[in-house]
Amino acid sequence: MKIPDDTQTICVVDDDEGFRDSLVWLLQAAGHRVASFASGEGFLSHWRPETPGCLLVDIRMPGMTGLELQVELERRGYGAPVIFITGHGDVPMAVSALRNGAFHFLEKPFNDESMLAIVEQALAVDRQRRRSQAHRAEVVARVEKLTPREREVMNCVIAGKLNKVTADELGVSIKTVEAHRSQLMRKLEVDSTAALIRLLLEPSAEPVDATIPDAELSSPTKGFPQ
């Protein structure tokens, strides 16, 4: 059964079966949904990019190392937080991983409560990231409903230009600008300039590109839980 998109899953990747099982038990006891894998290759064979959550991965494993897995996931556009599990001698590698975008690293032996707190933080970051993606997708869908002229007027509105200035720049009448403005507000489902700006420049999401295209202008795994 496919994991529901709204179900966060913590993926544990570690070749040490005993350690892996104890970590899975601890996370499950804290109420989390967990999938465990004995290798990076095993994880990749089951991984689905739409699965929300975070990744706990041993930095040093036979075959594909944790660092190599991180590089491969980055290549595939994996955006969920990655937490590395390290031994004392692996700390320099873990620091390098942080520089490459890892969320955190846990040095063995680690405190269970500290580990759970870091995992909770990672899951919160993942939830916020997915909310931002959903917001952006929704805004992009609304903006795509606009005509090229409506996008031009919209850009003038968010730039703070008066209708008269917009009319002069576009070579149309003020009434035409007002009509386009009314239409774009309806299509974007906002009722004020402030609401329009909040929609397009929401801090939790990347700003939406409203530029008009030129064309318009002219197993060793336990696997994922089933």
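The values are calculated or read from the model by the stated rules, or taken from the named source; none is laboratory data. Quick caveat: nothing in here was measured; it's all calculated off a predicted structure. Quick reminder, even Gly has a Cβ in these numbers, built from the backbone with ideal geometry, and neighbours come from all protein chains shown.
Condition check: at pLDDT 90 or above and in a helix (DSSP H, G or I). Does residue 115 satisfy that? First the steps, then the outcome.
Details: at pLDDT 90 or above: yes; in a helix (DSSP H, G or I): yes.
So residue 115 fits the description; yes.
For the range 177-194, enumerate the residues that are outside any helix (DSSP H, G or I) and not β-branched (Val, Ile, Thr). Don't jump to the end; show me each part of the working.
Of the range 177-194, the ones outside any helix (DSSP H, G or I) are 189-192.
Those that are outside any helix (DSSP H, G or I) and not β-branched (Val, Ile, Thr): 189, 191, 192.
Of the residues that make up the range 15-24, is at least one assigned by TED's automatic domain parsing to the domain that holds residue 100, of a type outside the set (Asp, Glu), farther than 15 Å from residue 108 by Cβ and assigned to a loop (DSSP other than H, G, I, E, B)?
Step one: filter the range 15-24 for residues assigned by TED's automatic domain parsing to the domain that holds residue 100, giving 15-24.
If we keep only those that are of a type outside the set (Asp, Glu) as well, we get 18-20, 22-24.
From what is left, the residues that are farther than 15 Å from residue 108 by Cβ are 24.
Next cut, assigned to a loop (DSSP other than H, G, I, E, B) only: none.
Within the range 15-24, none of the residues are assigned by TED's automatic domain parsing to the domain that holds residue 100, of a type outside the set (Asp, Glu), farther than 15 Å from residue 108 by Cβ and assigned to a loop (DSSP other than H, G, I, E, B).
Does residue 190 satisfy being modelled with pLDDT of 90 or more and either on the phi < 0 side of the Ramachandran plot or over 34 Å from the mean Cα position of the chain (by Cα) (or both)?
Numbers: modelled with pLDDT of 90 or more: yes; either on the phi < 0 side of the Ramachandran plot or over 34 Å from the mean Cα position of the chain (by Cα) (or both): yes.
So residue 190 fits the description; yes.
Just one of 123, 67 is of a type in the set (A, V, I, L, M), in contact with a Gly (Cβ under 9 Å, 6 or more places away or on another chain) and either assigned to a helix (DSSP H, G or I) or surrounded by fewer than 19 Cβ atoms within 10 Å (Cβ to Cβ) (or both); which is it?
123
In this structure, does residue 70 turn out to be of a type in the set (S, T, N, Q) and either over 22 Å from the mean Cα position of the chain (by Cα) or over 16 Å from residue 14 (Cβ atoms) (or both)? I'd like the intermediate steps shown before the answer.
On the way: of a type in the set (S, T, N, Q): yes; either over 22 Å from the mean Cα position of the chain (by Cα) or over 16 Å from residue 14 (Cβ atoms) (or both): no.
Taking the combined requirement at face value, the residue does not satisfy it.
I need a count of the residues in the range 160-174 that are surrounded by fewer than 14 Cβ atoms within 10 Å (Cβ to Cβ), assigned to a loop (DSSP other than H, G, I, E, B) and at pLDDT 90 or above.
So the answer is 3.
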